[in-house]
Amino acid sequence: MKRDKLWLAVMLAAPAFAAGAAEALGNKVQCARYSGLPEGWPVRDAGVVRLPGGTLKLGSDAGYADERPVVTATIKPFAIARTEVSNAQFAAFVKATDHVTEAERQGGAAVFKVPSANELSSRPYTWWVYTKGADWRHPEGPDSSVEGRDNEPVIQVTRRDADAYAR
């Protein structure tokens, strides 16, 4: 299996492997209590859960053409963060490494915007708008900020940025 497909398989399979491994997340009360940094930060594996790996079936015979065929993949044991990478965690990474994201180098990024009915009927991909000045520090564009949003997931990072963070 190519590296990209294996990476995708791991990302899609992780929630199933992790079921029950951590307290259910995703509600506003828990998000408000979360500081944005896992307990024990900055230890390398703070907030990480180790998963045993296993065999999974990826794809669908009933879905879109790009979801076919169903393939079986074996995933080796691995570690994954219990939560998405927060703005606080990514800020700590940037401070420690001087990493410059692709959006920062390119001067902008695609920002999600709910289109009007007219926009939807007039052009494809209306949901995303390239916005100059959008990056992880300014996720909705140059007038936005992550200030006060330490516990929210970092956005406007590419796979290359995520790989740098993981390394």
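With among the polar types (S, T, N, Q) and in contact (Cβ under 8 Å) with a residue 24 or more places away in the chain as the only criterion, which of Asn87, Asn118 stands out?
Numbers: Asn118 fails: in contact (Cβ under 8 Å) with a residue 24 or more places away in the chain.
Just one listed residue meets the conditions, Asn87.
Hey, among Val94, Val111, Val49, which residue is outside any strand (DSSP E or B) and of a type outside the set (S, T, N, Q)?
Values: Val111 fails: outside any strand (DSSP E or B); Val49 fails: outside any strand (DSSP E or B).
Every option except Val94 fails the conditions.
Pick from Gly59, Gly133: which is at pLDDT 90 or above, more than 16 Å from Leu37 (Cα to Cα) and among the small types (Gly, Ala, Ser)? Walk me through it before giving the result.
Details: Gly59 fails: at pLDDT 90 or above.
Every option except Gly133 fails the conditions.
Give the residue that is most open to solvent (accessible area, probe 1.4 Å), with candidates limited to residues of the stretch 122-167 that are assigned to a strand (DSSP E or B) and more than 21 Å from Glu84 (Cβ to Cβ).
Lys132
Picking from Glu102, Glu67, which residue would you name as being touching a Ser or Thr at 6+ places or on another chain (Cβ under 8 Å) and open to solvent by less than 40 Å² (accessible area, probe 1.4 Å)? Quick ask: steps written out before the conclusion?
Details: Glu67 fails: open to solvent by less than 40 Å² (accessible area, probe 1.4 Å).
That would be Glu102, the only listed residue that is touching a Ser or Thr at 6+ places or on another chain (Cβ under 8 Å) and open to solvent by less than 40 Å² (accessible area, probe 1.4 Å).
For residues that are within 20 Å of the chain's Cα centre (by Cα) and basic (Lys, Arg), scanning just the stretch 70-99, find the one that is most open to solvent (accessible area, probe 1.4 Å).
That would be Lys95.
The values are calculated or read from the model by the stated rules, or taken from the named source; none is laboratory data. Not measured: the values here are computed from a predicted model. When we count neighbours, we look across all protein chains shown, and the Cβ atoms used for this are built from the backbone with ideal geometry, even at glycine. Areas reflect the complete protein model, heavy atoms only, side chains present, ligands, DNA and RNA absent. Shrake-Rupley method; radii C 1.70, N 1.55, O 1.52, S 1.80 Å.
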